[in-house]
There are 2 protein chains.
Amino acid sequence: MTDPRETGTDLNPRFDSAGLVTAVVTDAATGEVLMVAHMNAEALAATLESGEATFWSRSRGRLWRKGETSGNVLRVVEARIDCDQDAVWLRVVPAGPACHTGARSCFYRRIDGGALTRVE
Amino acid sequence: MTDPRETGTDLNPRFDSAGLVTAVVTDAATGEVLMVAHMNAEALAATLESGEATFWSRSRGRLWRKGETSGNVLRVVEARIDCDQDAVWLRVVPAGPACHTGARSCFYRRIDGGALTRVE
């Protein structure tokens, strides 16, 4: 059984009940995962049009161009979508730390058993 | 204001209203994003204990050890968690294609404007 969403060439995101898809951002140079966020249709369109990663902030309930205040924008080199079109992968060139804590990546802690170890 | 969840060394995942966190899986050798899935507390514990990526299948409503039928297990080299502990990053060695379509990665299509281009 062929699902056109999986095999086709049409961009047809499968937004969840909140109107969102998951967005994974990696550093185009290093492959490091920098952050995970969410996009509604408007955020995805803005990202593709502007070439700068734009998300939907669930906490603030508004469109959020990453770096709009900090200046740490994420320039999109490539955008991909997964088989069932409910997740987007952005390969980016970051202008600065991606994490609001100042870390290069939000994933700055390794899970070792039940504890966390800082790795950057 | 310091949030112990962000700065601390305790594993304290912030599960959403459905009891899930997002899991991003990358190939430890290449950095390629292979898939995005979800984990409940049981799936995360099983992953950390067994060293094989285990998710919560929302469609099947049960624990899902990746590769349990296909044999394409994902051996975890490193697990990380993000700042607010609602997303996990697994670096893995895949035993075979990660995608159910047979593609190495679920992200086998690039978004070019409004259309998709197959890249693997």
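Figures for the structure shown
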{"item": "Base-10 log of normalised Debye intensity for chain B (one unit scatterer per alpha-carbon) at q = 0.10, 0.16, 0.21 Å⁻¹", "result": "-0.33, -0.79, -1.18"}
{"item": "Estimated distance in nm for a label pair at A:E78 and B:R60, the labels positioned 7 Å out from Cα along Cα-to-Cβ", "result": "3.0"}
{"item": "GNM top mover of A:R62, A:R80, A:R104 - chain A, alpha-carbon springs below 10 Å", "result": "A:R62"}
{"item": "Euclidean distance of C-alpha centroids, region A:87-120 and region B:25-60, integer Å", "result": "17"}
{"item": "Rg/Rg_globular for region B:1-68, with Rg_globular taken as 2.2 N^0.38 Å and Rg from C-alpha atoms", "result": "1.23"}
{"item": "Once the Cα gyration tensor of the protein assembly as shown is diagonalised, semi-axes √(5λ) in Å", "result": "24, 24, 16"}
{"item": "Which of B:L63, B:L44 is most accessible, then next, and so on - probe 1.4 Å", "result": "B:L63, B:L44"}
{"item": "C-alpha long axis of helix B:41-50 to longest principal axis of chain B, angle in °", "result": "70"}
{"item": "Spin-label model distance (nm) - A:T9 vs B:T7, 7 Å beyond Cα toward Cβ", "result": "5.3"}
{"item": "Percent of C-alpha pairs per 10 Å bin, region A:45-87, short to long", "result": "26, 50, 23, 1"}
{"item": "Shortest-first distances to equivalent copies, position B:A95, nm, label 7 Å out along Cβ", "result": "4.6"}
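The values are calculated or read from the model by the stated rules, or taken from the named source; none is laboratory data. Quick caveat: nothing in here was measured; it's all calculated off a predicted structure. Counting neighbours? That spans all protein chains shown, and the Cβs are built from the backbone with ideal geometry, glycine included. When the accessible area is computed, the model is the full protein with side chains, heavy atoms only, and any ligands, DNA or RNA have been set aside. Shrake-Rupley method; radii C 1.70, N 1.55, O 1.52, S 1.80 Å.
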